[in-house]
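Asks: Okay, handing you the structure first.
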Amino acid sequence: MKVLITGANGQLGYELARSAPAGAELLLLDRDRLDITDADAVAALMQVQRPSLVINGAAYTAVDKAESDVDNARAINAAGAGHIAAAAKAVGAQLIHISTDFVFDGRKSSPYLPGDATAPLGVYGQTKLEGEWAVREQYGPEALILRTSWLYSAHGANFVKSILRLVRERPRLGIVADQVGTPTWAATLAEACWAGAARGVSGTHHWSDAGVASWYDFAVAIQEIGLELKLLDTPKPIAAIATSDYPTPAKRPPYSVMDKRHTWRELDLEGRHWRATLKQMMQELADA
């Protein structure tokens, strides 16, 4: 099985590469090897390589920067996703596309179902939603679209590593407590991708780890586990603050918890609580 993975230098790409099924031939592509905004380049490479599976993990993920860099965000998240989908369809490859919880506005008070109405609050969420539309238009309903949330890994920059650094550097922290979602280890998302490919799952699905947290809850857990694993020496006070106390260019959904029950059944996977997966990832950091 030849598998073409875009966004190979990202957190998901890293986890996909190290958890690939035995016998899989991986074609790992970063932005230097493939510009997904170039439709001709994408089509040509796909015709030469003719993969049996394409996992599109490439994305413009700088949520705040996207507000002033709309064209680039749209070129990657929307047009780029369409180019990948069209090229994959042309060679008969199975397609998995990664999307986000930011397609929702956060006004709901119970976990979002895949069929719930979308209403992004910012450019990042809007362009990712447009990417979903492009995938469905260019590929059809057979594509697997996996929405995920609050991704982190031992590889790359993320909230976990930022909190560890800030606890070491600052006397105290203030972390937003009125934005609620679910942290997700990129390794479990990679597992979901491989399971979805193996089982031929299609349509739009939600994937994150289990449980619910605010960014404040997440930060407190990172410090607690960091101290336990000797990644941190001294605890620092962490205060719960409001979104209004920490203004950012992009608006974020106050509630973006997603309902994963159907996905877990479809993939025959059991969701693990975010604190358990967080500790497992942080153990990797401690062992490095």
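The values are calculated or read from the model by the stated rules, or taken from the named source; none is laboratory data. Note that the structure is predicted; figures quoted are calculated from it, not measured. Note: ideal-geometry Cβ built from the backbone for every residue, glycine included; neighbour counts use all protein chains shown. Note: accessible area is taken over every heavy atom of the protein model, side chains too, but ligands, DNA and RNA are not part of it. Shrake-Rupley method; radii C 1.70, N 1.55, O 1.52, S 1.80 Å.
Asks: If you line up the Cα atoms of the range 141-256 on their principal axes, what length do they span on each, largest first, in Å?
Replies: Cα spread of the range 141-256 along its principal axes, largest to smallest: 51, 33, 22 Å.
Asks: Please state, as a whole number in µm²/s, the translational diffusion coefficient that the Stokes-Einstein equation yields for the range 206-288 at 25 °C and 0.890 mPa s, with Rh defined as the Kirkwood radius across alpha carbon pairs. Write down the numbers at each step before the final one.
Replies: Working: Rh = 15.1 Å.
This corresponds to a translational diffusion coefficient of 163 µm²/s.
Asks: What is the percent carbon and sulfur in the accessible area of the chain, measuring with a 1.4 Å probe over the protein chains and ignoring ligands? Write down the numbers at each step before the final one.
Replies: On the way: 6400 of 12690 Å².
Here it works out to 50 percent.
Asks: Now for a different question. To check you understand DSSP bridge types, tell me what percent of the beta bridges within the chain (both residues inside) are antiparallel, rounded to 5.
Replies: Bridges in the chain that DSSP calls antiparallel: roughly 5 percent.
Asks: Right, here's the next one. Specify the inter-centroid distance of the range 10-47 and the range 218-281, based on alpha-carbon positions, in whole Å.
Replies: Spelled out, the Cα-based centre of one part sits 28 Å from the other.
Asks: Principal axis extents for the range 1-50, Cα atoms only, whole Å, descending order, please.
Replies: Cα extents, longest axis first: 31, 22, 11 Å.
Asks: Compute, for ILE175, the solvent-accessible surface of its heavy atoms (probe 1.4 Å) with the complete set of protein chains present, and express it in square angstrom to the nearest 10.
Replies: About 20 Å², rounded to the nearest 10.
Asks: With equal scatterers on the alpha carbons only and no solvent term, can you work out the Debye log10 of I(q)/I(0) for the chain at 0.08, 0.14 1/Å?
Replies: Here the Debye-derived log intensity ratios amount to -0.33, -1.02.
Asks: If you don't mind, there's one more thing I want to ask. Compute the signed sum of charges (Lys and Arg +1, Asp and Glu -1) over the other residues within less than 12 Å, Cβ to Cβ, of TRP274. Write out the running numbers ahead of the final one.
Replies: Values: positive: LYS260, ARG272, ARG275, LYS279; negative: ASP209, ASP217.
Net charge around TRP274: +2.
Asks: Compute, for MET1, the solvent-accessible surface of its heavy atoms (probe 1.4 Å) with the complete set of protein chains present, and express it in square angstrom to the nearest 10.
Replies: Around 110 Å² of this residue is reachable by solvent.
Asks: Could you let me know the centre-to-centre spacing of the range 58-115 and the range 124-197, using Cα atoms, in angstrom?
Replies: Between the Cα centres of the range 58-115 and the range 124-197 lies a distance of 11 Å.
Asks: Let me ask you something else. Return the sequence-ordered ³J(HN,Hα) values of the range 236-249 in whole Hz as given by the Karplus equation 6.51 cos²θ - 1.76 cosθ + 1.60 applied to θ = phi - 60°, using x for Gly and Pro.
Replies: Once rounded to whole Hz, the list reads 10, x, 10, 9, 7, 10, 8, 4, 5, 7, 9, x, 10, x.
Asks: To continue, here is another question. Looking at the chain, how many pairs of lysines come closer than 29 Å at the Cα, when each pair is eight or more places apart or spans two chains?
Replies: Lysine pairs satisfying the spacing and distance rule in the chain number 25.
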